[in-house]
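Taken together, the values in this text are just the output of simple stated rules run on the coordinates, not laboratory data. No experiment lies behind these values; they were computed from the predicted model shown. With ideal geometry, Cβ positions are generated from the backbone for all residues, glycine too; neighbour counts draw on all protein chains shown.
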Amino acid sequence: MQVFQGFQSIPDDGRGSVVALGNFDGVHHGHRHVIALASGLAETLDAPLGVALFDPHPRRFFAPDAPAFRLMGEHRRNRTLESLGVERLHILPFTADMAAMTPEQFVADVLDEGLGIKGVVTGSDFRFGAGRAGTIGELERLCAARGIKTAFADLHGNGADKVSSTRIRKAILDGDMKAAAELMGTPWAIEGIVQKGDQRGRTIGFPTANIDLGDFVRPAYGVYAVRVGLPGQDAAVDAVANFGKRPTVDGLSELLEVHLFDFAGDLYGQALEVEFQAFIRPERKFDGLDALKAQIAEDAAQARRLLAAPSGPSTGPA
């Protein structure tokens, strides 16, 4: 998959796509529905399939102090898009200049003259341009005037309600990893750099890789069965993780601590991908390190059982 930053000076071999346009945070089933429709249009027009997304997410641009909400890291997102047949990814910088564009300017400067697309597909609730003034009706009209084909995907349902990033964030906040995975089409995962910690885990026999979640949405405080992707390794490593403030040791800040099973190696400074499979129990305070150690051993055994189950983990919040 080719990746293009920005919409200016796109080379000839990056032009002429049919693009699915949106935010695509999480690449959930609703997003996949849009991409599938774009794929059909691309086939009809004999054009490459592309995705155009905004970075940073407009929500972060307009509300820089809003709580963390990100669902998927860049590497996992790109792998997922490529697995869906996307040939070109256009990352559009959401700047003050872009936020101020009228719908006419966006279609002319970004989609037509910038990316040189043959077609564009969005969800039926897509809005664009300064003040979200542009509707899909206006997008269709403006694109038609420039010879750009359009198609619009109805809201994609999963049961009674539409699949949305908001629903997925709520499931993660509740610790319901089964629901999050069903809505996304893949288990929810975070990407982060292993930090130097207080190394207390080593003293009780459970060394951990400590990761700050950054702008990722926060899951419920508690213990999870997880799988960890390591740099340069194809197979993930089973693990148990705790996310919270570590009340037993008077922790003050949120931290993800991951204990990898049957693993020995220095992970400091490395980028890990932690895939949340199942919620085991809420975080709680214990009467000293011995009690904590005994509970971690029990949690680890439970995580091993869940991850070894033939059908995979299926538990929600306890």
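How do the peptides 165-176, 143-154 rank, highest first, by the average count of neighbouring beta carbon atoms within 10 Å per residue?
Ranked from most to least packed, the peptides come out as 165-176, 143-154.
What ranking do 87-96, 184-193 get when scored by the average of other Cβ atoms within 10 Å per residue, highest first? Write out the running numbers ahead of the final one.
Details: 87-96: 17.4, 184-193: 21.0.
By packing density, highest mean first, the sequence is 184-193, 87-96.
Full extension from residue 68 to residue 293: what is 0.36 nm times the residue separation minus their Cα-Cα distance, to one decimal in nm?
77.9 nm
I need to check one value: relative contact order of the chain, counting alpha carbon pairs closer than 8 Å and at least 6 residues apart, in percent.
17 percent
Compute the FRET efficiency between residue 95 and residue 124 as 1/(1 + (r/R0)^6), taking r as their Cβ-Cβ distance and R0 = 22 Å, and round to the nearest 0.05.
The value I calculate is 0.25.
Compute the label zone of residue 309 within the range 277-296: residues whose backbone N is under 13 Å from the point 7 Å along Cα-to-Cβ.
277-281
Name the shape class, rounded, prolate or oblate, that the alpha-carbon gyration tensor gives for the range 48-102, where a ≥ b ≥ c are the square roots of its eigenvalues, rounded holds for a/c under 1.5, and otherwise prolate holds if a/b is larger than b/c and oblate otherwise.
Numbers: a/c = 3.89, a/b = 1.45, b/c = 2.69.
Since a/c reaches 1.5 but b/c is at least a/b, the shape of the range 48-102 is classed as oblate.
Provide the per-residue ³J(HN,Hα) series for the range 11-28, in order, calculated from phi with Karplus coefficients 6.51, -1.76, 1.60 and θ = phi - 60°, each as a whole number of Hz, with x at glycine and proline positions.
Per-residue couplings from phi come out as x, 4, 7, x, 9, x, 7, 9, 10, 8, 10, x, 9, 6, 6, x, 6, 7 Hz.
What ranking, highest mean first, results for peptides 116-126, 132-142 when packing means the other Cβ atoms within 10 Å averaged over each residue?
Top of the packing list down: 116-126, 132-142.
Be a star and scan the range 93-108 for residues whose amide nitrogen sits under 19 Å from the point 7 Å along the Cα-to-Cβ vector of residue 133.
Residues 95-108 qualify, since their backbone N sits under 19 Å from the label point.
Mean separation of Cα pairs under 8 Å and 6+ residues apart, divided by the residue count of the range 52-105: what relative contact order is that in percent? Spell out each step's value before the answer.
On the way: 23 pairs, mean separation 36.0, N = 54.
Once normalised by length, the contact order is 67 percent.
Just want to confirm a number: the relative contact order over the range 2-158, from Cα pairs under 8 angstrom separated by 6+ residues, in percent.
Computed value for the range 2-158: 33 percent relative contact order.
Can you pull the one-decimal nm distance between simple spin-label points at residue 79 and residue 146, each 7 Å off the Cα toward Cβ?
3.5 nm
Grab the beta carbon distance between residue 1 and residue 221, set R0 = 41 Å, and tell me the FRET efficiency rounded to 0.05.
Efficiency for this residue pair is about 0.65.
Using amide H atoms built 1.01 Å from N in the peptide plane, name the residues 5+ places from residue 286, or on other chains, whose amide H lies under 5 Å from its own.
248
HN-Hα J couplings of the range 254-271 from phi, Karplus 6.51/-1.76/1.60, θ = phi - 60°, integer Hz, Gly and Pro as x?
With coefficients 6.51, -1.76 and 1.60, one gets 5, 8, 9, 10, 10, 9, 7, 6, 6, 10, 9, x, 8, 10, 4, x, 8, 8 Hz.
Any chance you could run the full-extension gain for residue 43 through residue 212? It's 0.36 nm times the residue separation minus the Cα-Cα distance, nm to one decimal.
56.6 nm
Antiparallel DSSP bridges in the chain: what percent, to the nearest 5?
Close to 60 percent.
So which helices of the chain fit the span-like rule, where a helix is a whole DSSP H run, its Cα atoms reach 15 Å or more along the axis, and its mean Kyte-Doolittle is at least -1.0? Let's see the in-between values first.
Numbers: long enough: 29-44 (23 Å, 0.11); 289-308 (28 Å, 0.09).
For the chain, where a helix must reach 15 Å along its axis and average at least -1.0, the hits are 29-44, 289-308.
Apply the Karplus parameterisation 6.51 cos²θ - 1.76 cosθ + 1.60, with θ equal to phi minus 60°, to every residue of the range 119-126 and state each ³J(HN,Hα) to the nearest whole Hz, in sequence, with x for glycine and proline.
The phi angles translate into x, 9, 10, 9, x, 5, 9, 5 Hz.
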